[in-house]
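Peer 1: Just passing along the structure, written as structure tokens.
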Amino acid sequence: MPATALARDGALDTASAPPPSVKALLAGAPRGAYTALSVTAARAVPWWQAHCERLAHSLVVLAGTTDALPSFRAWHDEREAGVPLPLASLVGEAVLPSLRAAVAGLGEEAIGRDVAAVILMHEPAAGRGGGANDDLLLPVDVVALAWTPASPPPPPSVAAVVGPPRPRPDAKDSAWVAARAPLEARLPAGAADGLLADGRGRLLEGLVTNVFVVTGEGVLQTAAAGDGVLDGVTRRAVLAAAARLSIPVDLAPPDPTARSSWSEAFLTSAVAGVRPLARLEGPGWCVDFGAAPGTTTAALAAALPGEAAHHGLTHL
């Protein structure tokens, strides 16, 4: 990352050097819920509401199923019996100061450039207390890391199947960084991401991405959220763009037994957007797509900026 800046609880952290990568940040901090996002050169955050909703959902999932976030769990359980909380709005209010501070901390190098950021919400540091707050402040600490992405974007790459589905795909859990390390070790050199497949070998999602294929008939295919994949923000944006472009969609895990019909493939993430693939690999099979991006992939990538107008958008 050419330039980085770290903020904690609404203020730029100048006491220590920012971590060298998102993985280092998530692995070195207390376990919590996180999201990665892009910030435009005009300092707008596309799909802001979707990011806040996913953070809120991840907080609830982690508090209910793990030892992470006990302060949040106690606070949420007490509030749950009363009037339903606008949790996504509260999350947005909690994380915006740190996001603003991190982006501003990049300084002149980031002026006029797109910025990427990751936001982590974890258990409060010792002495911060916990439990219910009368003012509805969330009992979590917020860390934001911002950086200027490499330019130009990387060329089309390879994705390879490396393992089975993860146990909790419905939450962005920072513990996934450590859990996926053995799978990342199986990646071929230069691969963009590893893929997770179900018991039948069908493609579900990437380690940090969603995966799509396009058939020769022009049908866009990707696993449904109910198949056990993270419903990524950019995944949703691509599906919305496909609807506006009248591209037919099949919400089913791509099946390698039908790979002879695949004409294109790509990965999606909030930071990289749409990343075309030149090759897909799995146990005993591979598909080369030749020139990439294909027509459908290029059309969807071009449509994404316009989709922001139809989703939550906030300015820093």
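Peer 1: Build a GNM of the chain with springs between Cα atoms under 10 Å: which of Glu281, Glu108, Glu123 gets the top mean-square fluctuation?
Peer 2: Glu108
Peer 1: OK, next. Plugging the Kirkwood radius over Cα pairs into Stokes-Einstein for the range 157-310, at a temperature of 25 °C and a viscosity of 0.890 mPa s, what D comes out in µm²/s?
Peer 2: For these conditions, the coefficient is 160 µm²/s.
Peer 1: Normalised by the number of residues in the range 180-267, what is the relative contact order in percent for Cα pairs under 8 Å and 6+ residues apart?
Peer 2: Relative contact order, the range 180-267: 32 percent.
Peer 1: Quick one: in the range 4-147, what % of C-alpha pairs are over 27 Å apart?
Peer 2: In whole percent, the share of Cα-Cα pairs in the range 4-147 beyond 27 Å is 20.
Peer 1: Report, in cubic angstrom per residue, the convex hull volume of the C-alpha atoms of the range 203-283.
Peer 2: 92
Peer 1: Also, I was wondering about something else. Take every Cα pair under 8 Å in the chain that's 6+ residues apart, average their separations, divide by the length, and report that relative contact order as a whole percent.
Peer 2: Details: 640 pairs, mean separation 66.6, N = 316.
Relative contact order comes out at 21 percent.
Peer 1: Further, regarding this structure: Top mean-square fluctuation among Thr257, Thr40, Thr234, Gaussian network model of the chain, C-alpha springs under 10 Å?
Peer 2: Looking only at Thr257, Thr40, Thr234, the biggest GNM fluctuation is shown by Thr257.
Peer 1: Once R0 is set to 45 Å, what does the formula 1/(1 + (r/R0)^6) return for the Cβ-Cβ distance between His315 and Arg186, expressed as a FRET efficiency to the nearest 0.05?
Peer 2: Once the sixth-power term is evaluated, E becomes 0.60.
Peer 1: Which of Phe289, Phe72 comes first, and how do the rest follow, when ranked by fewest Cβ neighbours within 10 Å?
Peer 2: Exposure proxy ranking, most exposed first: Phe289, Phe72.
Peer 1: Oh, and also: For the chain, set up a GNM with springs between Cα atoms under 10 Å and report which of Trp285, Trp262, Trp176 has the largest fluctuation.
Peer 2: Trp285
Taken together, the values in this text are just the output of simple stated rules run on the coordinates, not laboratory data. This is a predicted model, so every value here is computed, not measured. When we count neighbours, we look across all protein chains shown, and the Cβ atoms used for this are built from the backbone with ideal geometry, even at glycine.
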